[in-house]
Amino acid sequence: MIYQYMDSKAQEYAVFDPTRARRLFLLLQPYLSLNSRNIHIIGTNGKGSTGRFIAQSIIESGHKVLHFTSPHVFDFRERFYTNRGVVDLETLLEAHDFLQQFSFIHEASYFEYATFLALVLGRDCDYLVMEAGIGGEFDSTSILHYDITIFTRIGLDHKEMLGSTLESIALTKLRAAQGDIFVHFQEKEVLKLLENIKDIGMHTQDLGLQHIPVQEVTYLSKNDLYTEEIRAYSSTHQIPHFLVENLGLASLVLKKLDIPLLKGRLDLAGRFQTISPNIVVDVGHNIMAAQAAISAAKLYFNNEPFVLIYNSYKDKEIIDIISIFKDCISEIIIFMVENPRIINPNEMENILDTLGFTPKYACDLKSQLNANVQSVYKLENKIVDPNSNADQALISSASKGGNENLVDYEYSNTSQPIRHKNDTSTQICYSFFCPYAVGLDLLPKKLIESGKILQQDKKYLVFGSFSLVEQFLLWFDKNCNAQ
């Protein structure tokens, strides 16, 4: 089964050999007979939606297309979008069986193998729309010749792999440039590099691969966002501004291809997606995505405060991202996620404390407090119950020792924030929600919200990693009727 085979592969973030994908492609290429026009999409944010706008427009025009994107939210099949939508399992298995006949293919990493699957699935297509994974220069999608290269917004992300500066990250992406170039709005450091794009783009002598030299360069402008067709589409489908920008970039490419802009709604999960009138989910996970999401959320929620449901991979700029949302949220809920890359909940708790957020619930996990108002105590990040004999001893000992970490709180099970009895200020509260069974020793030291986290009279933005959105949507689908 293909799912088990992919699970056995090195993941996208494994150490990679920059020459392996090219070497394997040269062995595979004679069996593919690709005759498509190829479009490469590279950047930090906006690749998926820009590519899908283009792919859906191509489909509506009557041509055959394969759109390869990553990562997926629920199912590996989501990475392969065709004229019939997400590829069906039978077709994907046929592509998998085709690749399995070549012994050399087993060297491929997870993402490299996914790229080769896309090429097999796209053998009879008129267009291939290929989204780079990480970077560009050494990405496995760069093995093809491209008629068009699209650069979406480039920002700081994946610094552990691409470099610590915007210039270094941009350079490794821009080195994949081929054919006609289309450029989103960029920072001045990136624009400076783009002045020499013809010198730093792909060259044809790379391991025998036939790359197309850089041709014309087209930059997205503000005027491109206010054409009649863009205004009509955004008005009809009520898309946020960052998607309007991506649509504008896609429209420039479509004009080059002489293909009309799509009429239908964007078919892509997790891009500021409304799952309920008061709940929006977005797979953004970096600073640039947070800035786009906060602008969209202000507009969608009419500048009213909203609850941020969040979690993050540990290698992201978590403090900066939360700070972007801080002035617009009434509360933050950390939705715990089963993924080894997710930050440890205790580390997240420390970040929230540092940023000045206040724990929302002072629930004793062991005793399951039920009274509307009870006194509980916080001792060195441990919730203790004064009605417990063991905890009474802790309180007594700490009190005699003058422990400054011992403070008296009020608890209410009516969703009111806990407060120090001498504190009347309004603060932004945080809590943790765990949707899966787990031992108490693995929960955050202080708190876990055990009640219903969604209320009809509140507004919610679910923002963070693909894993967060995936597990939240699965939980929501199972429990929304109970909410």
Test: residue in region 45-53 that is within 21 Å of LEU243 (Cα to Cα) and part of a loop (DSSP other than H, G, I, E, B) | yes
Subset of region 239-257, residues free of Cβ contacts under 8 Å to residues at least 40 places away in the same chain and under 19 Å from the mean Cα position of the chain (by Cα), comes to ILE239, VAL244
If you go through ASP224, ASP282, ASP315, the only one that is crowded, with 20+ Cβ neighbours inside 10 Å and among the acidic types (Asp, Glu) is ASP282
When every residue in region 48-79 that is hydroxyl-bearing (Ser, Thr, Tyr) and over 16 Å from the mean Cα position of the chain (by Cα) is compared, the one nearest to LYS255 (Cα to Cα) is SER57
- State yes or no: is HIS40 surrounded by fewer than 18 Cβ atoms within 10 Å (Cβ to Cβ), in contact (Cβ under 8 Å) with a residue 60 or more places away in the chain and within 27 Å of the chain's Cα centre (by Cα)? no
Within region 86-122, residues being farther than 28 Å from LEU254 by Cβ, among the aromatic types (Phe, Trp, Tyr), assigned to a helix (DSSP H, G or I) and modelled with pLDDT of 95 or more number 3
Of the candidates VAL244, VAL281, the one satisfying the condition of being closer than 30 Å to PHE335 by Cα, outside any helix (DSSP H, G or I) and at pLDDT 95 or above is VAL281
May I ask you to verify whether ILE41 is touching a strand residue (DSSP E or B) at 6+ places or on another chain (Cβ under 8 Å) and not in a helix (DSSP H, G or I)? yes
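The values are calculated or read from the model by the stated rules, or taken from the named source; none is laboratory data. For clarity, every value in this text was computed on a predicted model and none was experimentally measured. Backbone-built Cβ (ideal geometry, glycine too); neighbour counts: all protein chains shown.
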